[in-house]
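Peer 1: Can you keep this structure in mind? I'll have questions shortly.
Just so you know, all these numbers are worked out from the coordinates, no wet-lab data involved. What you see is a predicted model; the values in this text were computed from it and never measured. Virtual Cβ from ideal backbone geometry, glycine too; neighbours counted across all protein chains shown.
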Amino acid sequence: VKGLVEIINRETERVFIVGVQLKGQDAWCIDESLDELEELVGTAGGEVAGRGTQRLDKVNAATFIGPGKAREFAEQCAESGIDTVVFDEELTPAQGRNLEKVFECKILDRTSLILDIFSQRARTREGKLQVELAQLNHLLPRMTRFWTHLSRQKGGIGMRGGEGESQLEVDRRKVRERIDKIQRDLELVMRHRSVQRTGRKRNQWPLGSLVGYTN
């Protein structure tokens, strides 16, 4: 899966981050969370060029933040040459689709950003497969907003009676096929690792572990 935070024209991608202060939450909690999100953006290779927050009783089902605030932030992003907007919470597929229409740029949430960082940092075959699987499972229900601009394909041999699959349907099928293949590959890798673990136990080799965070 191609990295979600990309380098555009050899320049660092300009990012606008968005947070919401829900009823009962302290403002300093939102600021701290956005500070952490800014560090994650930097780790992924982007540069935060602006941030925005809104106080809400509850998130908007259609656009997460209020529609008026979304338009206000969209104008700021257009004036600042923003490439990507990252929300500090996980967005539903519908929210992401609606926000892309308002902002007219790439919309990510915290989950997508962290998965992208994991993808950059994965070194082992198993790790790379696990991250790609997580990315594809996260992407699949959100593909509508990336592929709606593509027209329907005409049917080929054996399908000349009418229109064939839409490009979206084709790409979804390809993603599902890739997910199935990754799952099969992971089973083989895990089986091989199990054999190696059994050998280490038999030889009584000392074991150690390292644990880290995304940034």
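Peer 1: For segment 71-147, taking Cα atoms only, what is the radius of gyration to one decimal and the Dmax to the nearest whole Å?
Peer 2: In Å, with Rg to one decimal and Dmax whole: 14.0, 44.
Peer 1: Under 5 Å between amide H atoms, partner at least 5 residues away or on a different chain: which partners does residue 60 have, H built in plane at 1.01 Å?
Peer 2: Result for residue 60 returns 65.
Peer 1: I need the P(r) histogram for segment 13-113: all alpha carbon pairs, bin width 5 Å from 0 out to the longest distance, whole percents.
Peer 2: Answer for segment 13-113: a P(r) of 3, 14, 27, 26, 21, 8, 1 percent.
Peer 1: Evaluate E = 1/(1 + (r/R0)^6) for residue 25 and residue 72, where r is the Cβ-Cβ distance and R0 equals 30 Å; express this FRET efficiency to the nearest 0.05.
Peer 2: Calculated value: 0.90.
Peer 1: For residue 13, which sequence-distant residues (separation of 5 or more, or a different chain) have an amide H within less than 5 Å of its own amide H, given hydrogens modelled in the peptide plane?
Peer 2: Long-range HN contacts for residue 13: 8, 47.
Peer 1: A further question follows. Could you check what % of the DSSP bridge pairs in segment 13-113 are antiparallel, to the nearest 5?
Peer 2: 5 percent
Peer 1: Enumerate the calculated ³J(HN,Hα) couplings along segment 133-140 in order (Karplus 6.51 cos²θ - 1.76 cosθ + 1.60, θ = phi - 60°), each rounded to whole Hz, writing x wherever the residue is Gly or Pro.
Peer 2: Values per residue, Gly and Pro as x: 4, 5, 5, 5, 5, 6, 6, 3 Hz.
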